[in-house]
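Down below is the structure, laid out as structure tokens.
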């Protein structure tokens, strides 16, 4: 996509992946001759009438086919985001034994606590008849979690909410949707929204009710889902973009996303891009300092 960014009176026209910034992974869909295709694509962009200043392609997986070619023509290739994942063994017992002893004990203790205090229900809302109800509960839990932290939450944006609902409908029909809830005495306590594809599960977004945080409801739901997918024969559980500390508890391995920036040729364009980047870094630094006060 072509988008225009503005900061402090400076304008920057960017070519970006259309999923930016909501998609965790971006890649070109190329079946063969990837380098030849990428060269044709870059040549096409150079001849566009839009006066773009740079091509900024972010969150490209480290094993993406397009990276070797992009690395040759880019002046800026950076590692930007950690993406933890864990491989799934043949049984839940083997997986649990791979976790730290402290984490295993917490899971067992919290499961006993909620079973003593509530009627516990791990529910699968991935089906075509149930996904709409599941998404409504998931939206509420996600918003409740982030609003309790003073953040508006991803689904305050109605367009994004509608987009995710449409994706859930489509993926449910293809049996790619993974939508799970933990209910305590009939009340939604935690939810996970993700996608299943080619023997892997991608955990996209989650949410939980802060009132049940002391029970570790998020971890209990993750543990249940991982167990279900081990039984189903999946080989990988991808926690996706972000270095949140809770992901480290699941015996994860780190993969990294890359960012590629290609500046349009010409001294003036190069200088404008450098100036924009400097303003952007200093602006973010100022926001951080103001937030810390």
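The values are calculated or read from the model by the stated rules, or taken from the named source; none is laboratory data. Note that the structure is a prediction, hence the values are computed from the model and not measured. Backbone-built Cβ (ideal geometry, glycine too); neighbour counts: all protein chains shown.
Here is a list: 34, 3. Which entry is within 23 Å of residue 198 (Cα to Cα), surrounded by 13 or more Cβ atoms within 10 Å (Cβ to Cβ) and at pLDDT below 90?
Numbers: 3 fails: within 23 Å of residue 198 (Cα to Cα).
Exactly one residue qualifies, and that residue is 34.
Taking the conditions exactly as written (touching a helix residue (DSSP H, G or I) at 6+ places or on another chain (Cβ under 6 Å) and modelled with pLDDT of 95 or more), does residue 221 satisfy them or not? Write out each step before concluding.
On the way: touching a helix residue (DSSP H, G or I) at 6+ places or on another chain (Cβ under 6 Å): no; modelled with pLDDT of 95 or more: yes.
So residue 221 fails the test.
Assess whether residue 147 counts as being in contact with a helix residue (DSSP H, G or I) (Cβ under 9 Å, 6 or more places away or on another chain), farther than 27 Å from residue 232 by Cβ and in the same structural domain as residue 176 (by TED's automatic domain parsing). I'd like the intermediate steps shown before the answer.
On the way: in contact with a helix residue (DSSP H, G or I) (Cβ under 9 Å, 6 or more places away or on another chain): yes; farther than 27 Å from residue 232 by Cβ: yes; in the same structural domain as residue 176 (by TED's automatic domain parsing): yes.
Taking the combined requirement at face value, the residue satisfies it.
Condition first: in a helix (DSSP H, G or I) and farther than 17 Å from residue 22 by Cα. Now tell me which residues in segment 139-174 satisfy that. Even if it seems obvious, please write down each step before you answer.
Step one: of segment 139-174, the residues in a helix (DSSP H, G or I) are 139-147, 154-156, 158-174.
Result: 140, 141, 144, 145, 147, 169, 170, 171, 172, 173, 174.
Could you check, for segment 90-104, whether at least one of its residues is part of a helix (DSSP H, G or I), in contact with a strand residue (DSSP E or B) (Cβ under 9 Å, 6 or more places away or on another chain), surrounded by 14 or more Cβ atoms within 10 Å (Cβ to Cβ) and not assigned by TED's automatic domain parsing to the domain that holds residue 63? Write out each step before concluding.
Within segment 90-104, the subset part of a helix (DSSP H, G or I) is 92-98, 101-104.
Okay, now just the ones that are also in contact with a strand residue (DSSP E or B) (Cβ under 9 Å, 6 or more places away or on another chain), so 95, 98.
Now drop any that are not surrounded by 14 or more Cβ atoms within 10 Å (Cβ to Cβ), which leaves 95.
From what is left, the residues that are not assigned by TED's automatic domain parsing to the domain that holds residue 63 are 95.
So far as segment 90-104 goes, yes, one or more of its residues are part of a helix (DSSP H, G or I), in contact with a strand residue (DSSP E or B) (Cβ under 9 Å, 6 or more places away or on another chain), surrounded by 14 or more Cβ atoms within 10 Å (Cβ to Cβ) and not assigned by TED's automatic domain parsing to the domain that holds residue 63.
Do we have any residue at all in segment 101-121 that's within 18 Å of residue 237 (Cβ to Cβ) and under 23 Å from the mean Cα position of the chain (by Cα)? Please lay out each step first, then the result.
First pass over segment 101-121, keeping only residues within 18 Å of residue 237 (Cβ to Cβ): 103-104, 107.
Next, from what is left, pick out any that are under 23 Å from the mean Cα position of the chain (by Cα): none.
No.
Scan segment 69-87 and give yes if some residue there is outside the structural domain of residue 194 (by TED's automatic domain parsing), in a helix (DSSP H, G or I), loosely packed, with under 12 Cβ neighbours inside 10 Å and touching a helix residue (DSSP H, G or I) at 6+ places or on another chain (Cβ under 8 Å), otherwise no.
No: zero hits.
Restricting attention to segment 129-143, and to residues there that are farther than 19 Å from residue 228 by Cα and in contact with a strand residue (DSSP E or B) (Cβ under 9 Å, 6 or more places away or on another chain), which single residue is surrounded by the most Cβ atoms within 10 Å (Cβ to Cβ)?
Narrowing segment 129-143 to residues farther than 19 Å from residue 228 by Cα: 129, 132-133, 135-143.
Still in the running and in contact with a strand residue (DSSP E or B) (Cβ under 9 Å, 6 or more places away or on another chain): 135, 137-143.
Numbers: 135: 23, 137: 19, 138: 27, 139: 21, 140: 15, 141: 25, 142: 21, 143: 18.
Step by step, filter segment 129-143, then rank; the result is 138.
Condition first: at pLDDT below 95, exposed (fewer than 15 other Cβ atoms within 10 Å of the Cβ) and under 15 Å from residue 141 (Cβ atoms). Can you find one or more residues in segment 274-289 that meet it?
Looking for residues that are at pLDDT below 95, exposed (fewer than 15 other Cβ atoms within 10 Å of the Cβ) and under 15 Å from residue 141 (Cβ atoms), one finds none in segment 274-289, hence no.
Take the residues in segment 182-201 that are in contact (Cβ under 8 Å) with a residue 60 or more places away in the chain and in a strand (DSSP E or B), then tell me which one is nearest to the chain's Cα centre (by Cα).
Residues of segment 182-201 that are in contact (Cβ under 8 Å) with a residue 60 or more places away in the chain, as a first pass: 182-186.
Then keep just the ones that are in a strand (DSSP E or B); that gives 182-184.
Values: 182: 21, 183: 24, 184: 27 Å.
Ranking the candidates gives 182 first.
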